[in-house]
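Q: Let me begin by handing over the structure; questions about it come next.
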Amino acid sequence: MVPHIRPAQLTDWLRQCRAERPDAEPIVLDVREPWEVRTASVRPDGFELRHIPMATIPMRLAELPADRPIACLCHHGGRSAQVADFLHRQGYPDVVNIAGGIHAWSAEVDPSIPQY
């Protein structure tokens, strides 16, 4: 089962990732559609931000290194949970879902991010 973290817990998750594997920069994988990313996006801070829409994940799997921690992000957390489960089943050992998605990120971390 893939763990779920809230956006407010991301800093702690990043700290834990760095402590366990200092050579592996964590990735926040935004699986929303391009128009959603243009509407509202997070700013990378202590992680690499990648955008791969959910529907294209299977064909673009090689773009995601299995040896780095990945936190999946979408609008409310449903699509990202599905992607996180998929990645886990594909052998990615360190994957979490950001529960509540960018909507919760706006409420919990950065109110400057528009809600839509």
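Q: One residue is enough: does segment 52-73 have a residue meeting the conditions at pLDDT below 95, in a loop (DSSP other than H, G, I, E, B) and out of contact with any Pro (no Cβ under 8 Å at 6 or more places or on another chain)?
A: no
Q: Do we have G77 as modelled with pLDDT of 95 or more, surrounded by 13 or more Cβ atoms within 10 Å (Cβ to Cβ) and at positive phi here?
A: So G77 passes the test.
Q: Open to solvent by 60 Å² or more (accessible area, probe 1.4 Å) and outside any helix (DSSP H, G or I): is that true of D85 in this structure?
A: Considered against the rule, which asks whether it is open to solvent by 60 Å² or more (accessible area, probe 1.4 Å) and outside any helix (DSSP H, G or I), D85 comes out as no.
Q: Here's something else I'd like to know. Looking at (1) more than 16 Å from A99 (Cα to Cα); (2) hydrophobic (A, V, I, L, M, F, W, C); (3) surrounded by 19 or more Cβ atoms within 10 Å (Cβ to Cβ); (4) in contact with a Lys or Arg (Cβ under 9 Å, 6 or more places away or on another chain), which is the one condition that is false for A24?
A: Just one mismatch for A24, condition (3).
Q: Being over 18 Å from Q9 (Cβ atoms) and either hydrophobic (A, V, I, L, M, F, W, C) or touching a helix residue (DSSP H, G or I) at 6+ places or on another chain (Cβ under 8 Å) (or both) is the filter here; which residues of segment 79-103 pass it?
A: Of everything in segment 79-103, those that are over 18 Å from Q9 (Cβ atoms) and either hydrophobic (A, V, I, L, M, F, W, C) or touching a helix residue (DSSP H, G or I) at 6+ places or on another chain (Cβ under 8 Å) (or both) turn out to be R79, Q82, V83, F86, L87, Q90.
The values are calculated or read from the model by the stated rules, or taken from the named source; none is laboratory data. All figures in this text were calculated on a predicted structure; none of them were measured in a lab. Neighbour counts are summed over all protein chains in view; Cβ atoms, including those assigned to glycine, are modelled from backbone coordinates with ideal geometry. Ligands, DNA and RNA are stripped out before the accessible areas are found, and what is left, the full protein with its side chains, is counted by its heavy atoms. Shrake-Rupley method; radii C 1.70, N 1.55, O 1.52, S 1.80 Å.
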